[in-house]
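Have a look at the structure below, then the notes.
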Amino acid sequence: MLPKKYRINTSRDILNCLQSGTFVHGSYLYLKYIHKEGLENTDTQFGIVLSKKKIKHAVDRNRIKRLVYKIIYDLYPCLT
């Protein structure tokens, strides 16, 4: 799992991400992230939102989120 300091978790960060975050998308996944300047090592934070229209069951949405966070966690040194 991705450590908390790399996850978007406050409502202020979510609004900031929606307004000025970087957007990456594929056919089934939309990823928005923000690059925070105020932290000690200029950390990037990630948040994953999955639509109920596309994936009906919360169990499935949560599993996909865990898998994507795991991929980000494994690739994080390459992203910065």
The chain: relative contact order as a whole-number percent, Cα under 8 Å and 6+ apart: 28
Lysines with Cα under 23 Å of Lys54, excluding same-chain neighbours fewer than 8 positions away: Lys32, Lys65, Lys70
Given a 1.4 Å probe, the accessible area of the chain per residue, as a whole number of Å², is 77
To the nearest 500 deg cm²/dmol, what mean residue ellipticity at 222 nm is calculated for the chain from DSSP H runs of n ≥ 4 alone, each contributing -39,500 (n - 2.57), summed and divided by the residues? -13500 deg cm²/dmol
Can you check how the C-alpha radius of gyration of the chain compares to 2.2 N^0.38 Å, as a plain ratio? 1.10
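The values are calculated or read from the model by the stated rules, or taken from the named source; none is laboratory data. No experiment lies behind these values; they were computed from the predicted model shown. Surface areas here come from the heavy atoms of the whole protein model, side chains and all, with no ligands, DNA or RNA. Shrake-Rupley method; radii C 1.70, N 1.55, O 1.52, S 1.80 Å.
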